[in-house]
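K.L.:
Sending over a structure as structure tokens; questions will come in a sec.
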Amino acid sequence: MRYAGWGLLFLLVIGLGLWSTWGAVKGILPFIRPAPQLPEGEPLPFSLEEGFVARLYTNDVPGARVLLRDPRGVLLASLTDNGSVVALPDADANGVADTVVQIISGLRKPHGLAFRCAPDCAFYIAEEHAVREYAYDPETRQATYVRTLAALPFGRGHTTRSLLAHPNGKDLLVAIGSSCNVCNERDPRRAAILAIDLESGAVRPFATGLRNTVFMAARRGEVWGTDMGRDFLGDDLPPDEINILRERAWYGWPWFYGQNVEDFAFNPNARPSFAQESVPSHIDIPAHSAPLGLAFIPAEGWPAEFQGDLLVAYHGSWNRSVPTGYKVVRMKLTPDGQHTSTTDFITGFLKEGEAIGRPAGILAEPGGIVYVSDDHAGAIYRITRE
């Protein structure tokens with residue numbers, strides 16, 4: 001009987017553990033299981049700022065993330081989950097992709113894309129473990145390997161590697177997320193942005209203390225980036241961030257977040273001696289919004305009140321009691337880049353507690369046109385002025 005009692009106790013403990021685990025998993029199932037099929041018909045059932053409408057450009061791009069134009073203006077996308085980069089031509093200019101052309105496949109979580117044409121065009125792709133250069137043929141839309149620019153740390157933690165051609169015309173920036181939720185990194189290349197000198201091939205630290213800067217964009221010679229805050233400080237902490245990224249600057253992670261608020265939950269007894277050098281966030285974003293793509297609105301063909309503002313994709317929370325994010329917002333900026341307010345630009349990715357999509361990459365173009373990738377629904381949307 002004594003052993004039977006222990007057996008019952010063991011089964012009870014296991015059962016409680018399974019029930020607790022199911023409770024946690026059940027809470028995020030709407031966001032990790034496959035998205036339901038997008039409703040048929042046009043325009044799509046999203047709510048947009050007045051004067052804009054969303055239509056489906058393609059729904060045949062599973063895991064679509066970064067969007068970029070090739071040298072001839074064809075839309076490209078990295079499909080991170082299936083290891084490929086594709087072209088999405090619209091030869092008849094009807095606002096719908098004609099087909100999906102595979103440029104290159106067999107890659108390891110490709111994410112960041114960039115071109116440099118001087119005069120021949122080099123095509124750069126950032127995989128989890130490396131940044132590689134390819135020769136790109138705009139006629140055949142095929143990429144041929146040329147060289148590996150930089151080997152990157154990989155394994156554990158965040159796996160996306162983003163690229164941005166620095167406005168100085170010399171450097172290629174690559175963002176590498178942390179290996180953990182919050183920790184002291186052993187490899188200084190993690191939770192940082194590196195600069196690759198495209199002439200010499202030298203790699204140097206550019207900005208550090210950035211937990212997970214997944215996308216970057218240029219504005220008037222500056223580099224801006226989204227950054228995701230740590231988890232497990234509750235529903236409302238810490239804020240996610242928009243940062244203006246400057247060379248040799250330290251942005252505080254893992255010791256600080258937001259406006260240089262100290263993270264006592266990480267290590268309350270050890271304050272780094274260089275704390276006073278931490279750069280605060282430029283804009284705080286509600287916790288767990290998971291900001292990804294960002295794009296500055298050009299002047300040509302846009303309403304005057306939109307010009308120069310910032311569009312940001314909130315991928316959406318997985319770890320909040322009430323989901324947040326799942327939308328694209330417009331951050332209103334002054335001419336010198338100061339944030340004044342935030343309004344919703346696209347909502348409706350969350351329907352009755354179920355995610356029908358999660359916005360990821362953004363490409364804003366003249367004429368009031370925006371492309372948004374959705375890695376959950378495997379789609380790209382084309383937003384235009386009515």
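K.L.:
Can you tell me the FRET efficiency between ASP235 and PHE115 if r is taken as the Cβ-Cβ distance and R0 is 45 Å, rounded to the nearest 0.05? Walk me through the numbers before you get to the answer.
P.N.:
On the way: r = 41 Å, r/R0 = 0.90.
Once rounded, the FRET efficiency stands at 0.65.
K.L.:
Work out, step by step, the length gained on full extension between GLU277 and GLU222: first 0.36 nm times the residue separation, then minus their alpha carbon distance; give nm to one decimal. Intermediate values should be presented prior to the final figure.
P.N.:
Working: separation 55, 0.36 × 55 = 19.80 nm, distance 1.97 nm.
Full extension of this stretch gives 17.8 nm more.
K.L.:
Then there's this: If I take the Cα coordinates of region 248-380 and project them onto the principal axes, what are the three extents in Å, biggest first?
P.N.:
Dimensions of region 248-380 along the principal axes of its Cα atoms: 52, 38, 23 Å.
K.L.:
How big is the equivalent ellipsoid of region 160-287 along its three axes, where each semi-axis is √(5λ) from the Cα gyration tensor, reported in whole Å from largest to smallest?
P.N.:
Working: eigenvalues 125, 47, 32 Å².
So the three semi-axes of region 160-287 are 25, 15, 13 Å.
K.L.:
Okay, moving on. Give the relative contact order (percent, whole number) for region 294-384; include only Cα pairs under 8 Å separated by 6+ residues. Walk me through the numbers before you get to the answer.
P.N.:
Numbers: 200 pairs, mean separation 22.4, N = 91.
Across region 294-384, relative contact order equals 25 percent.
K.L.:
How far apart, in nanometres, would the label points at ARG204 and THR384 be if each is projected 7 angstrom from Cα along the Cα-to-Cβ direction?
P.N.:
4.6 nm
K.L.:
Are there any trypsin sites (Lys or Arg not before Pro) in region 186-278 that are in a DSSP loop and have at most 15 other Cβ atoms within 10 Å? List them by number. Could the numbers behind the result be given before it?
P.N.:
Working: sites: ARG186, ARG189, ARG190, ARG211, ARG219, ARG220, ARG230, ARG246, ARG248; in loops: ARG186, ARG189, ARG190, ARG211, ARG220, ARG230, ARG246, ARG248.
Counting only loop positions with at most 15 other Cβ atoms within 10 Å, the trypsin sites (Lys or Arg not before Pro) in region 186-278 are ARG186, ARG220, ARG246, ARG248.
K.L.:
Once amide H atoms are placed 1.01 Å from N in the peptide plane, what residues at a sequence separation of 5 or more from ALA130, or on another chain, have their amide H within under 5 Å of its amide H?
P.N.:
LEU152
K.L.:
In whole percent, what relative contact order does region 129-195 give with Cα contacts below 8 Å and a gap of six or more residues? Please report the intermediate quantities before stating the final value.
P.N.:
Working: 108 pairs, mean separation 16.0, N = 67.
Computed over region 129-195, the figure is 24 percent.
K.L.:
Which one, ILE369, GLY308, ASN267, is farthest towards the positive end of the dipole of region 230-386 when Lys and Arg carry +1 and Asp and Glu -1 on their Cβ?
P.N.:
Most positive-ward Cα: ILE369.
K.L.:
Now for a different question. Assigning unit charges at the beta carbon (Lys, Arg +1; Asp, Glu -1) and nothing else, what dipole magnitude in debye, to the nearest 20, does the chain show about its Cα centre? If you can, show how the numbers build up before the last one.
P.N.:
Values: 35 positive and 44 negative charges, 253 e Å.
Computed about the Cα centre, the dipole is about 1220 debye.
K.L.:
Among rounded, prolate and oblate, which fits region 110-186 when a ≥ b ≥ c are the square roots of the eigenvalues of its C-alpha gyration tensor, a/c under 1.5 means rounded, and a/b larger than b/c means prolate? Walk me through the numbers before you get to the answer.
P.N.:
Details: a/c = 2.90, a/b = 1.97, b/c = 1.47.
It comes out prolate by the Cα gyration axes.
K.L.:
Please say if region 39-385 is rounded, prolate or oblate, where rounded means a/c under 1.5 for a ≥ b ≥ c the square roots of the C-alpha gyration tensor eigenvalues, and otherwise the choice is prolate for a/b larger than b/c and oblate otherwise?
P.N.:
Values: a/c = 1.57, a/b = 1.17, b/c = 1.35.
Cα axes put region 39-385 in the oblate bin.
K.L.:
Stretch ASN319-ASN168 to full length: gain in nm at 0.36 nm per residue minus the Cα-Cα span? If you can, show how the numbers build up before the last one.
P.N.:
On the way: separation 151, 0.36 × 151 = 54.36 nm, distance 3.86 nm.
Here the answer is 50.5 nm.
K.L.:
Now for a different question. Test of understanding: what is the full-extension gain from ARG246 to ALA304, defined as 0.36 nm times their sequence separation minus their Cα-Cα distance? Mind showing how you got there, number by number?
P.N.:
Values: separation 58, 0.36 × 58 = 20.88 nm, distance 2.91 nm.
Value of the extension gain: 18.0 nm.
K.L.:
Now, a different point. What FRET efficiency comes out for the pair ASN181/ALA91, r = Cβ-Cβ distance, R0 = 56 Å, nearest 0.05?
P.N.:
Working: r = 46 Å, r/R0 = 0.82.
For ASN181 and ALA91, the calculated efficiency is 0.75.
K.L.:
Something else about it: Going by alpha carbons, how many degrees (0 to 90, nearest 10) lie between the helix axis of 2-32 and the longest principal axis of the chain?
P.N.:
20 degrees
K.L.:
Can you tell me the relative contact order of the chain? Whole percent, Cα pairs under 8 Å, sequence separation 6 or more. Could the numbers behind the result be given before it?
P.N.:
Numbers: 972 pairs, mean separation 57.9, N = 386.
Answer for the chain is 15 percent.
Computed from the coordinates by the stated procedures, all read-outs in this text should not be read as laboratory data. These numbers come from a predicted model, not from an experiment. So basically every Cβ, Gly included, is an ideal-geometry build from the backbone, and we count neighbours across all protein chains shown.
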